[in-house]
1. Return the pair list, or none, for Cβ contacts closer than 9 Å from residues in region 41-53 that are outside the structural domain of residue 65 (by TED's automatic domain parsing) to residues that are part of a loop (DSSP other than H, G, I, E, B), at least 6 apart or on different chains.
2. Starting from region 89-112, take each residue that is closer than 21 Å to residue 63 by Cα and list its partners that are in a strand (DSSP E or B) and small (Gly, Ala, Ser), counting only C-beta distances under 6 angstrom and pairs at least six apart or across chains.
3. In region 88-117, which residues are among the basic types (Lys, Arg) and out of contact with any Ser or Thr (no Cβ under 7 Å at 6 or more places or on another chain)?
Amino acid sequence: MALPILWAGQAKGILGGWGIICLVMSLLLQHPGVHSKCYFQAQAPCHYEGKYFTLGESWLRKDCFHCTCLHPVGVGCCDTSQHPIDFPAGCEVRQEAGTCQFSLVQKSDPRLPCKGGGPDPEWGSANTPVPGAPAPHSS
C-alpha cells in the first residue's frame, strides 16, 4: 500500500501557515537516530552558499548542521554529527576531513586508531557504567 506524499504547497493549504511550520519543526527535531543540538533562527533568510531554498527544503552545512527552510518564519537547524562521549583517557576525538564523521585516535599517535583496552572506571565524560558491570543502585 503506497502512502500519499503531502507536498509543502498542499500542506500549507490544509494545515495553514503555522500548521506547516509546526509539522516541519517536529520532523526536523525528530530526525531518527540523532541526538543533537538544534536551534531556530527567526526571520533568517533561506539561503546557503548562494543557493535559495523554499518552504520545507533543506541543506547540509559544512559544519554538519542540517537546516530546513521555514519561510517566512525563519530557519531551523540541527547538528547531525554524533560526537563520542565515552572513551578511554588515552584517546581523543578527531573529525575526518570534509565529512561529518568522527573517529577515536590515540593521543600519543593520532595516526593510529584508539585501542579499547580494559574497562577504565574513569571512562568518558558522562559517567556511564563500565560495559558488563551491574547498574549502580540509588540509595
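1. From residues that are outside the structural domain of residue 65 (by TED's automatic domain parsing), there are no pairs.
2. 94/103
3. 107, 111, 115 - these are the residues of region 88-117 that are among the basic types (Lys, Arg) and out of contact with any Ser or Thr (no Cβ under 7 Å at 6 or more places or on another chain).
The values are calculated or read from the model by the stated rules, or taken from the named source; none is laboratory data. Given the structure is predicted, the values throughout are model-derived calculations rather than measurements. No Cβ is skipped: glycine too gets one built from the backbone with ideal geometry, and neighbour counts run over all protein chains shown.
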